[in-house]
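Following: one structure in structure tokens, then a few remarks.
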Amino acid sequence: MSRPHPGYYPGFRTLEQRRYWDAHTREVILDRVNNVPPIRFFSEDEARLMEAVCRHILPQDDRDKENWIPILPWIDSRMHENSGDGYRYEEMPPDREAYRLGLQAIEQIAQHLHGRGFLEIGEKAQDELLATLHDGKPPAAHDIWARMPIERFWRLLVQDCVSAYYSHPTAWDEIGFGGPAYPRAYMRLERGDPEPWEVEERRYEWSAPEDSVSDRYTPIGGQSEHHGGPQGGTH
Amino acid sequence: MQTIETPMRRFNPDEEVDYAIVGVGAGGGVLLQRLARAGFHVVGFDAGPFWDTERDWVSDEKGSHQLYWNDERITTGKHPLALGENNSGKGVGGGTVHWASFTPRFHPSDFRVYSQDGVGADWPISYWDLKPYYELIERELPVAGPAYYPWGDPHGYPYGPHPMGGVGDALIRGCTKLGIGVCAGGPVGILSASRADRPHCIYRGFCIQGCKVGAKASTLVTHVPDALAKGAEIRDRSMVSRVNLGNNRRVNGVSYFDRDGREHFQKAKAVVVAGYAIETPRLLLNSGLANSSGTVGRYLMVQAGNVVLGRFDQPVRMYKAPPAHALTEEFYETDPKRGFARGFAIQTVGPLPIAFAKQMMAAKGAWGWGMRRIMMDYNHWAAFGLLGEILPSADNRVEIATDQKDHWGIPVAKVTFNLYDNDQKLIAFGKRKTIDVMWAAGAEEVVQESRYAHLVGAARMGRNPETSVVDSFGRTHDVANLFVCDGSVMPTQGSANPGLTIMAIAARTADYLIEQGDAIFSSDRRDMRPPKFRRDLSPPDTWGHGMPAL
Amino acid sequence: MSLAVTVREGRFQRWLSLMAAVSSAASGLEVAYEHYKGSYSRRIMYTPVILSGALAGAGLAGFFSRKAAVTILRGTSILTLADSATGFYFHILGVKRKPGGWRLPMTNIVMGPPIFAPLLFGTAAYLGLLASFMRRDNDRDDLLLPKPAHAKHWAARIGYAHEPITWEQDLREGRFQKNLAVATAFSALFSGFEAWYSHYKNNFRYKAQWTPVVLAPVLLGAAIAGVKDRKSAQTLLPAASALAIVDGGVGFFYHARGVMRRPGGMRKPLYNVIYGPPIFAPLLFAAAGFLGVLASMLGREKKS
């Protein structure tokens, strides 16, 4: 059920345009694709756990394994370099500490619910556990969440994952984003027309695995559905 | 494509310069250029690098992280602000390097908010004081927009409007359907036709990642080259830690850390702080200066910047065309029927994939398979931004965090922010109106994310030294040769993007300083007469392009 | 005198002057807003706007006065032709200056200055120039015995000096079919090319957008054939030209409708005229057809 390249834009490859990118951009993107950094910040155990968490935050089971987009290495690299985003919420610990605390909390919840570690509880249970974080209703590790607001941790985690995933050309091909465009430029600005080198959308029935719990939309923190704006729960 | 041809002047380390300007962004860049052109010895400091646009910038979302102020700051309050990429720049050009470049003027009413609505504050100057400077800066950038712009003080723009992208089309469709006036193709500081060595826009959509094309105006490409050609020096990667108070309640220079972390002192006859609304109050507070009123750091403002996202049946591909290319100011002014003071604008925004994914996380709670699903529809979404006026409050402020220092050892800023009643009513109304427009444009699903845009205030100007930090020329009430020249001097903020106004204020401050001449360096006397307006201080090539003013 | 004879004999200076005036005014309108899109970022961008006004005036003057036709119209036309050549040069330069330059030919031709537009603008000037050499319909100078053009002509024997036929004479007497067929060919080439890339920009989303792209080479071929022999000039050329005229008319309708259907429609008339489908462009294509029809009605150049 997996494809080499899932997405509604069959055959679209942004990297094929790379000779029309400026040299520096090409260098940066190719470096991102070809030189995935090693794990340096997380311990081996943390890395395994974190890898499993990332697989749920941005699952890729519909894509052939050899084309998977690396996520954990980029979070690890940011932690290793301790590079920030320019601010810290007062009630939050620094990001490095937040990740360590968050992983501990996830382990504790798994132990609390299943008597086993997160890695041993099965895909569906893992999904459901993470959903309790999303909903802001963790069944355990309350002392950790007292030191770190769960919603802020959740946002940190999801943001880091999407930053890694959607900065990769494979993800651009999946969603039909044109990628770098200098000096490449665009000429068909209106009505969503594709450039000559882009691909028309061809939709197909794309579905998440049946037992997943993340293919639905509920507000972070699990407030009532009305909070997310009109039609907040549709997809 | 910016090339600095003149070798930069280097002042002798022991030389006392006329002006030390801290921060070379929107305000500092314009001021630096004018003071240099008038023959003053002037040094600009910037904590970030002097960008080489071709070598340092990329046409990539993640790779542009370096453009923002990424050093730590603490954010708190009931509605804590996201900082970093949202509203700060670091490096020569400052925030203008990654602004979307919407350049509407403030309305005449913005300068009289207290008189008209009984809230906020009045400015010590009026719109008409700034008007000639608006016109001047609109030529210097130059600004592209319609020949007739109907809101505020109606005016036309020197460069023609831009073509529409998918998001602009949606805004035009939605607004016209609801009978709301809307402006297509500007006003934006993006070239719609080439000028000198700057090519025109190629509609690649990476405005807020730094414009490699050189089409989007930033002081780095519009003013800094002329400043250097006229003998200004810029010390990049130099973090000013302190403005030093000398004898007779006058400052005599600044302490700074150079790129290697060595500390130096630069003597100056006068100091201008232009570090924007967080670093300016931080520097003043860390230096213990200009705060006899206790207002330094207070009255910090952001604008409501809710993003309303609509999914359309037909593809939109909102990554094409500049994020900034259409807007309406139909709701800008106070309308008593709405039950709150002041108003808002609705503008196009065009988030790229990572920003869009974050918005979907916030707006729909998306993650996992749901995130993948919604992102596969990225090309079907359009986004509008609300830009709503939030009123100044003394408790929204920048303070010094007592327990945390940055890697230079300078105490960091702590930013506290809360929304108040009028703000919340305004946001609720503006959000609803923006959502209405999105529906009217033909969206089949509409969601929104609450967020904020821009940062101004925190060293506001005013006539009364007990309630403000600087006078109408940016001179601190406490110290006669210490000035502030950036967005932090604004007493209120309207619902217009602040960049153009910051530059206009800087141009006016420049006229004042140049007219006062040596008096600034030697006398404590304050001449409060407005300066004579000068149009001979513009960078070369300002004149002879574009349409004559209507 | 019937119309056909008037045309064949080149007695339509008045009307050609008027046509030059009208087409100059139309292309002046177009260049005015096209250069507005380009923000008049260089002062030279005002010149075609000013010249088109001047040429329209000169054409009108030429309609009323022969003297004006020979002096002002001719002068203005030459000036305008020079300007359109200069414009062509600057437009090529403009494409080259765009990021990527000629490495991204399609993108930069589509998004840069329209390269052939200045030459199309030259068409009006070309008409004006032709007109300045022609006879008026009430001219009587042809009643005089013409000077013999051929050395062996009998008139030469009774004292008239031989005077070879000059191109001015050909023009004056309406013998410039080949000349005009060449003009038709160029005009078809340029406006066909413009149609091709601007419809390409629009992804050929309507089938009708192919018609000028297909018709332009047909007209081009017919015009070239018309240069080669009289028969084609009188059969193929008018047929292809008529099709081009009809297509231009239909295109004008579609373009106008396209403007109305843009977001905001007629509530944003100026913006949508400027950034919608160019409403005058199909008329320029029709103008190529019109030149073809005119050519088919003319006499051919005589060899001396």
query: Around B:Ile390, which amide H atoms from residues at least 5 apart in sequence, or from another chain, sit under 5 Å from its own amide H, with H modelled in the peptide plane?
result: B:Ala304
- line: Between B:Glu444 and A:Arg147, the two model label points (7 Å from Cα along the beta-carbon direction) sit apart by a distance in nm of 4.9
Fewest-first ranking of C:Trp15, B:Trp99, using other Cβ atoms within 10 Å as the exposure measure: C:Trp15, B:Trp99
task: Give me the Debye-computed log₁₀ of I(q)/I(0) at q = 0.12, 0.14 Å⁻¹ for the stretch A:1-137, equal point scatterers on Cα only, no solvent, two decimals.
output: -0.65, -0.85
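For a quick check: sort C:Tyr254, B:Tyr68 by the number of other beta carbons within 10 angstrom, fewest at the front. Working shown, then result.
Values: C:Tyr254 17, B:Tyr68 23.
Ranking C:Tyr254, B:Tyr68 by Cβ neighbours within 10 Å, fewest first, gives C:Tyr254, B:Tyr68.
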query: Longest span of chain B, sites excluded, free of trypsin sites (Lys or Arg not before Pro) in DSSP loop with at most 14 other C-beta atoms within 10 Å?
result: B:263-462
field: Cross-link pairs beyond the 19 Å C-alpha cut-off, checked among B:Lys78/B:Lys433; B:Lys230/C:Lys98; B:Lys216/B:Lys320
entry: B:Lys78/B:Lys433; B:Lys230/C:Lys98
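Taking R0 as 30 Å, what FRET efficiency do you get between C:Ile50 and B:Asp197 from their Cβ-Cβ distance, rounded to the nearest 0.05?
So the FRET efficiency works out to roughly 0.65.
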field: Value of D in µm² per second that Stokes-Einstein yields for the stretch B:245-302, Kirkwood Rh from Cα pairs, at 25 °C (0.890 mPa s)
entry: 191
task: List the relative contact order of chain B as a percent without decimals, with contacts defined as Cα pairs under 8 Å and 6+ residues apart.
output: 23
message: To check my understanding: the extent here is largest minus smallest coordinate of the Cα atoms along each principal axis. What are those three numbers for the stretch B:334-395, in Å, largest first?
response: 45, 27, 19
- prompt: trypsin sites (Lys or Arg not before Pro) within the stretch A:16-59: which are DSSP loop residues with at most 14 other Cβ atoms inside 10 Å?
  reply: A:Arg40
field: Quarter of the Cα convex hull surface for the stretch B:277-419, i.e. its orientation-mean projected area (nm²)
entry: 13.0
- prompt: Hey, what's the Cα Rg ratio for the stretch B:201-347 versus the globular rule of thumb, 2.2 N^0.38 Å?
  reply: 1.49
statement: Using alpha carbon positions and the Kirkwood radius, the Rg to Rh ratio of the stretch C:177-304 is 1.09
task: Could you bin all the Cα-Cα distances of the stretch A:14-228 into 5 Å bins starting at 0 and give me the percent of pairs in each, rounded to whole numbers?
output: 1, 6, 12, 16, 17, 16, 13, 9, 6, 3, 1, 0
- line: For the stretch B:13-93, averaging the sequence separation of alpha carbon pairs under 8 Å that lie six or more residues apart and dividing by its residue count, the contact order in percent is 33
- request: Express the relative contact order of the stretch A:14-228 as a whole percentage, based on alpha carbon pairs under 8 Å and six or more residues apart in sequence.
  value: 27
query: For the protein assembly as shown, what Kirkwood radius comes out of the mean inverse Cα-Cα distance, in Å?
result: 32.0
statement: Cα-based Debye curve of the stretch C:1-138 sampled at q = 0.11, 0.13, 0.14 Å⁻¹ gives log₁₀ I(q)/I(0) of -0.44, -0.57, -0.64
task: Using θ = phi - 60° and the Karplus relation 6.51 cos²θ - 1.76 cosθ + 1.60, list the HN-Hα couplings for the stretch C:11-21 in order, rounded to whole Hz, with x at every Gly or Pro.
output: 8, 9, 4, 4, 6, 5, 4, 5, 5, 4, 5
- prompt: Amide H to amide H, which residues 5 or more places from A:Arg88 or on other chains are under 5 Å from it, using H placed in the peptide plane?
  reply: B:Arg73, B:Ile74, B:Thr75
- prompt: How large is ³J(HN,Hα), in whole Hz, for each residue of the stretch B:526-539 in order, when computed from phi with the Karplus curve 6.51 cos²θ - 1.76 cosθ + 1.60 and θ = phi - 60°, using x for Gly and Pro?
  reply: 10, 8, 9, 6, x, x, 6, 6, 10, 10, 9, 9, 5, x
task: Check every DSSP H run in chain B and write down those whose alpha carbon atoms cover 27 angstrom or more along the long axis and whose mean Kyte-Doolittle hydropathy is -1.0 or greater.
output: B:421-440
query: Just in the stretch A:99-205: which chymotrypsin sites (Phe, Trp or Tyr not before Pro) are loop by DSSP and have at most 16 other Cβ atoms within 10 Å?
result: A:Trp197, A:Tyr204
P(r) weight above 41 Å for chain B, C-alpha pairs, percent: 16
message: Can you pull out the trypsin sites (Lys or Arg not before Pro) in the stretch C:243-304 whose DSSP state is coil and whose Cβ has at most 11 other Cβ atoms within 10 Å?
response: C:Lys303
- prompt: Label points 7 Å out from Cα along the Cβ direction at C:Met266 and B:Asp524: separation in nm?
  reply: 7.1
query: Relative to the compact globular guide of 2.2 N^0.38 Å, what is the alpha carbon radius of gyration of the stretch A:102-202, as a ratio?
result: 1.60
task: Sticking to Cα atoms, compute the Rg of the stretch B:410-530 to one decimal and its Dmax as the biggest Cα-Cα distance, whole number, in Å.
output: 19.9, 66
query: Taking only the alpha-carbon positions of the stretch B:161-279 and ignoring solvent, what does the Debye formula give for the base-10 log of I(q)/I(0) at q = 0.09, 0.16 Å⁻¹?
result: -0.48, -0.92
task: Take the Cα radius of gyration of the stretch B:42-115 and divide it by 2.2 N^0.38 Å, with N its residue count; two decimals is plenty.
output: 1.43
message: Give me, ordered by chain and number, the residues 5 or more places off B:Ser59 or on other chains with an amide H under 5 Å from its own placed amide H.
response: A:Thr25
- prompt: Can you list the HN-Hα couplings for the stretch B:86-94, worked out from phi with the Karplus curve (6.51, -1.76, 1.60; θ = phi - 60°), rounded to whole Hz and with x for Gly and Pro?
  reply: 5, 7, 8, x, 9, x, 4, x, x
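Taken together, the values in this text are just the output of simple stated rules run on the coordinates, not laboratory data. What you see is a predicted model, and the numbers here were worked out from it, not measured in a lab. As a convention, Cβ positions derive from the backbone with ideal geometry for all residues, glycine included, and neighbour counts pool all protein chains shown.
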